[in-house]
Amino acid sequence: MPLPHYRGRFAPSPTGDLHFGSMVAAVGSYLDAKAHGGEWIVRIEDVDITRCTQASAVSILKTLEKFGFEWDGPVVYQSQRTAIYQDYFNTLKNRGIVYGCACSRKELAENPKGIDGAPLYLGKCRQGITDGRAVRSWRLQVPDDAITFEDRIQGTQTQHLAQDVGDFVVLRADGLFAYQFAVVVDDIEQGITDIIRGADLLDSTPRQIWLYRCLDHTPPSYAHLPLAVNSHQEKLSKQTLAPSVASHDPVPMLRNVLSFLGIPINADTDSLADFWKLAISSWDIGKVYKKQKIESFL
Ligand code: GLU
């Protein structure tokens with residue numbers, strides 16, 4: 001049987017300009033797609049309209065263009081896809097695997113912490129909510145079983161969702177669909193076969209694989225790139241004051257990204273087009289450093 005056509009994506013949240021860390025995910029996903037002769041899609045993950053801005057989305061796309069990224073098809077915006085998420089949510093609801101939860105953040109704050117540092121959900125509303133309490137969010141039931149997957153960079157990963165996370169929110173108390181849910185619906189709808197992204201999302205992957213199974217779809221292949229962190233081991237982000245990437249001289253920045261990943265490009269060229277050609281032909285995901293975090297000096 002022929003292999004399904006490769007379709008990758010870059011899915012930035014427009015909460016600020018692109019910085020070195022987001023550029024690592026953009027470059028890794030782009031090169032892996034191009035090296036496979038595949039397609040590469042850009043999706044603006046603005047499902048959380050409380051944190052995202054249109055100005056950041058514009059700035060991200062402009063920077064990608066200046067760096068010579070060429071994406072396939074129109075850019076997709078999560079903020080315009082609520083009806084699609086609602087449809088998929090109804091499927092979960094009709095199957096009786098999501099339930100209304102009345103717990104507030106404050107109530108859950110006392111619970112032990114889960115794998116991602118958020119309070120573990122211990123299943124309080126799983127059997128129904130008690131009288132006088134109102135539904136706030138909707139949670140997906142998770143299995144009392146391990147989920148294992150093979151990451152192309154980080155190797156075999158296993159998580160026990162019930163013990164490490166608990167039933168998780170798919171529809172938030174403020175009426176917005178949760179990241180974990182929207183990302184899976186979009187990846188299914190867009191036919192994404194390969195996800196290459198930062199290792200900060202490694203912990204989220206078993207939740208996403210579980211969602212694929214609940215929606216009767218086969219999960220894509222995953223590769224989690226080392227995350228660029230500062231000297232305090234914090235992810236580079238707007239909150240940690242990571243500088244925005246400057247667009248006026250892209251080649252040195254792209255060189256830095258590839259060296260950071262462990263695939264330095266030594267040839268001497270200032271041409272962006274030549275650089276991309278070299279980078280695509282040199283791309284070998286097997287050579288990417290098998291680490292979850294690397295300190296970035298930029
Ligand atoms: N929107 C997420 C972020 O910017 C990435 C989601 C993903 O790649 O699955 O961190």
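The values are calculated or read from the model by the stated rules, or taken from the named source; none is laboratory data. Keep in mind that what you see is a predicted model, and the values were worked out from it rather than measured. All Cβ positions, even for glycine, are placed from backbone atoms using ideal geometry, and neighbour counts span all protein chains on display. Remember, those area values only see protein heavy atoms, side chains included, never the ligands or the DNA or RNA. Shrake-Rupley method; radii C 1.70, N 1.55, O 1.52, S 1.80 Å.
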(message) What's the number of the only condition in (1) within 11 Å of the ligand (Cβ to nearest atom); (2) over 18 Å from I285 (Cβ atoms); (3) in contact (Cβ under 8 Å) with a residue 40 or more places away in the chain that Q208 fails to meet?
(response) (3)
(message) Going through D145, D131 one at a time, which residue ends up being acidic (D, E) and within 27 Å of P219 (Cβ to Cβ)?
(response) D145
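Which one is farthest from S282 (Cα to Cα) among residues in segment 8-19 that are more than 9 Å from the ligand (Cβ to nearest atom) and open to solvent by less than 10 Å² (accessible area, probe 1.4 Å)?
Looking at the filtered set, the residue picked out is L18.
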(message) I'd like to know if segment 174-188 contains one or more residues that are among the charged types (D, E, K, R), more than 13 Å from the ligand (Cβ to nearest atom) and open to solvent by 10 Å² or more (accessible area, probe 1.4 Å).
(response) yes
(message) What's the number of the only condition in (1) under 23 Å from T156 (Cα atoms); (2) within 12 Å of the ligand (Cβ to nearest atom); (3) basic (K, R) that R213 fails to meet?
(response) (2)
(message) When you check K62 against the structure, is it open to solvent by 10 Å² or more (accessible area, probe 1.4 Å), out of contact with any Pro (no Cβ under 9 Å at 6 or more places or on another chain), part of a helix (DSSP H, G or I) and farther than 30 Å from L254 by Cα, yes or no?
(response) no
(request) Select, from D200, D151, D167, the only residue that is among the charged types (D, E, K, R), open to solvent by less than 20 Å² (accessible area, probe 1.4 Å) and in contact with a Lys or Arg (Cβ under 7 Å, 6 or more places away or on another chain). (result) D167
(request) Output the residues belonging to segment 249-298 that are assigned to a strand (DSSP E or B) and either aliphatic (A, V, I, L, M) or in contact with a Cys (Cβ under 7 Å, 6 or more places away or on another chain) (or both). (result) I294
(message) Considering only segment 249-260, I want to know if a residue exists there that is more than 24 Å from the chain's Cα centre (by Cα) and open to solvent by 70 Å² or more (accessible area, probe 1.4 Å).
(response) yes
(request) Could you tell me which of the residues V47, V75, V42 is of a type in the set (A, V, I, L, M, F, W, C), in contact (Cβ under 8 Å) with a residue 60 or more places away in the chain and within 14 Å of the ligand (Cβ to nearest atom)? (result) V47
(request) Show the residue pairs that are 6+ apart or on different chains and have beta-carbon atoms under 9 Å apart, the first residue being within segment 188-200 and farther than 24 Å from D116 by Cα, the second being at pLDDT below 95 and more than 8 Å from the ligand (Cβ to nearest atom). (result) G191/P4; G191/H5; T193/L3; T193/P4; T193/H5
